[in-house]
Structure formats: structure tokens, C-alpha cells
1. Taking R0 as 22 Å, what's the FRET efficiency between Glu88 and Ser31 from their Cβ-Cβ distance, rounded to 0.05?
2. How big is the Kirkwood radius of region 1-60, worked out from every pair of different alpha carbons and given in Å to one decimal?
3. Under 19 Å from the Cα of Lys75, which aspartates and glutamates turn up, not counting those fewer than eight places away in the same chain?
4. How charged is the neighbourhood of Tyr59? Take every other residue with its Cβ under 11 Å from the Cβ of Tyr59, and add Lys/Arg as +1 and Asp/Glu as -1.
5. For the chain, give the share of DSSP beta bridges that are antiparallel, in percent and rounded to the nearest 5; count only bridges with both residues there.
6. Any idea what the relative contact order of the chain is, in percent, if you count C-alpha pairs under 8 Å spaced at least 6 apart?
7. Whole Å is fine, so just give me how far the alpha carbon centre of region 54-97 lies from that of region 1-19.
8. How large a share of the accessible area of the chain, in percent, is made up of carbon and sulfur atoms when the probe is 1.4 Å and the other protein chains stay in place?
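The values are calculated or read from the model by the stated rules, or taken from the named source; none is laboratory data. The structure presented is a predicted model; accordingly, all values stated were derived computationally and were not measured. Note that each Cβ is placed from the backbone with ideal geometry, even for glycine, and that neighbours are counted across all protein chains shown. Accessible surface is based on the protein model in full, side chains and every heavy atom, while ligands, DNA and RNA are left aside. Shrake-Rupley method; radii C 1.70, N 1.55, O 1.52, S 1.80 Å.
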Amino acid sequence: QVQLVESGGGLVQPGGSLRLSCAASGIIFSSYNMGWYRQAPGKQRELVARITSGGSTNYATSVKGRFTISRDNTKKTVYLQMNSLKPEDTAVYYCNAEILTLVGGRTNYWGQGTQVTVSS
């Protein structure tokens, strides 16, 4: 029973900060690459940030320098620290867990999403 549960979303003013959390269960957390994706109305889901099982990180150009992804393997939780928020960051943010499969593909699990709204 795989579960990814996001928390920490809400309403924040432009320039403000927010920290999202994603608690995982039902997986060997340390073996998974973890990521944050977001989807705004009328737009496709896009990768925001990713952290591999080894700790390497990648960020979308639009958030680089403002967002920081981290993980705590003991707590089986991945975080997204969001600073200097802009209205264009408004979206539903989804937690993702990814692992390479033995048959040559990738298996992905998704959380339910948490709403982030940046507005004055």
C-alpha cells in the first residue's frame, strides 16, 4: 500500500515563503528518486525539482535559486522549500516517487497534491 501524502500548501503573498512536505509509506524510500511537480489550470504538469536516491538535485529554470529540494531518509520525507514566491508559482504541487524497474522501465507513484496560491 503505497502512499505519498503532501502537506504545507496554502495562500501566501508574493515574495513570501512556504515549505511543502511529502511523507512516504509502503516503499523503500531510500531507493527512490523523489520529485515535486506542479500543474496550473490550463497547463501541463511540469517538473519543479528532483532529488535522486544519491542526493543529486535538479531544478526547473523558473525556480532555480528560489526553491530547494531535500530529503530525510529516516523520516521518509521529501521537502520543497519555496522562497521568493511569485504569482506564476500558483499551482497544485504533486509529490512523485520514481524507481527503475527490473524490466527496463520506470515506476512512478504520485501524491494527491497540495494547492499553493501566491496572491496579494
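1. Working: r = 34 Å, r/R0 = 1.54.
So, using R0 = 22 Å, E works out to roughly 0.05.
2. Details: mean 1/r = 0.0744 Å⁻¹.
When all Cα pairs of region 1-60 are included, the Kirkwood radius is 13.4 Å.
3. The reachable aspartates and glutamates, counting only those whose Cα sits under 19 Å from Lys75, are Glu6, Glu98.
4. Values: positive: Arg50, Lys64, Arg66; negative: none.
Charge balance near Tyr59 sits at +3.
5. Details: 40 of 43 bridges.
Percent antiparallel among DSSP bridges in the chain is about 95.
6. On the way: 284 pairs, mean separation 42.1, N = 120.
With pairs under 8 Å counted, the relative contact order is 35 percent.
7. After rounding, the separation between the Cα centres reads 10 Å.
8. Details: 3070 of 6490 Å².
C and S atoms contribute 47 percent here.
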